[in-house]
């Protein structure tokens, strides 16, 4: 086995299990609720503006989203929205926090295949309580040597984790659906990435400058290609 790769990390939401689908459904219901007060074609865009400016305060996840939806609803309706409809918006957050964990097809086998050759760790961002609950109910927790829930996935966070893991960046591969959060910071540090796009992506995660032709990057269509992509980075041209 190549000594170049000593550890493989996996993202969680929309890599191991479904997530963004539930947020999209909540946003659609938010638009229906607020649409009863105003006719605003870019209501989704207005919501994203509020979410983006609140990230540094509320962080990622369902709780931050529902707080931003509440704030956006009050702003765009000129505070005309009723307490009843505010309660409906809060209920959307409760539903997000209680949605089922549906592991994506082929993921258990893919993680097991990688773990036969390299230690695997789980790195996910968001609300600690919610992420821990999803990991626990997914049935996948036992497959990972370490599980890290972080507030942000950036260069500083990955550098800290690599130090804690005892690996150099070039010895690490990150598998995930988000080029912004899972791939870009790792590539910047000198690591490698396997990108497995999900069918829907939050606008914030779509903002990136990753070169698709980067020599340390592989693209796969689904979980069945993950192990081969990691092996190619270890033994091939990566």
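Things to note:
Quick grid of which residues meet (1) crowded, with 20+ Cβ neighbours inside 10 Å; (2) over 25 Å from residue 21 (Cα atoms); (3) at pLDDT 95 or above:
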position: 60; (1), (2), (3): yes, no, no
position: 81; (1), (2), (3): yes, yes, yes
position: 85; (1), (2), (3): no, no, yes
position: 94; (1), (2), (3): no, no, no
position: 123; (1), (2), (3): yes, no, yes
position: 159; (1), (2), (3): no, yes, yes
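- Of the candidates 61, 35, 78, 45, the single residue that is under 19 Å from residue 182 (Cβ atoms) and either outside the structural domain of residue 111 (by TED's automatic domain parsing) or without any contact (Cβ under 8 Å) to a residue 40 or more places away in the chain (or both) is 61.
- Screening residue 200 on (1) part of a loop (DSSP other than H, G, I, E, B); (2) out of contact with any helix residue (DSSP H, G or I) (no Cβ under 8 Å at 6 or more places or on another chain); (3) in contact (Cβ under 8 Å) with a residue 60 or more places away in the chain shows it passes everything except condition (2).
- Residue check: residue 145 meets all listed conditions (1) surrounded by fewer than 21 Cβ atoms within 10 Å (Cβ to Cβ); (2) farther than 13 Å from residue 8 by Cα; (3) free of Cβ contacts under 8 Å to residues at least 60 places away in the same chain but one, namely (2).
- Screening residue 156 against (1) without any contact (Cβ under 8 Å) to a residue 24 or more places away in the chain; (2) farther than 27 Å from residue 214 by Cα leaves a single unmet condition, (2).
- Options 69, 1, 7, 65: the member that is within 30 Å of residue 167 (Cα to Cα) and modelled with pLDDT of 90 or more: 7
- Residue 15 vs. criteria modelled with pLDDT of 95 or more and in contact with a strand residue (DSSP E or B) (Cβ under 9 Å, 6 or more places away or on another chain): yes
The values are calculated or read from the model by the stated rules, or taken from the named source; none is laboratory data. Because the structure is a prediction, the values reported are computed rather than measured. Here Cβ is always computed from backbone atoms with ideal geometry, including for glycine, and neighbour counts include all displayed protein chains.
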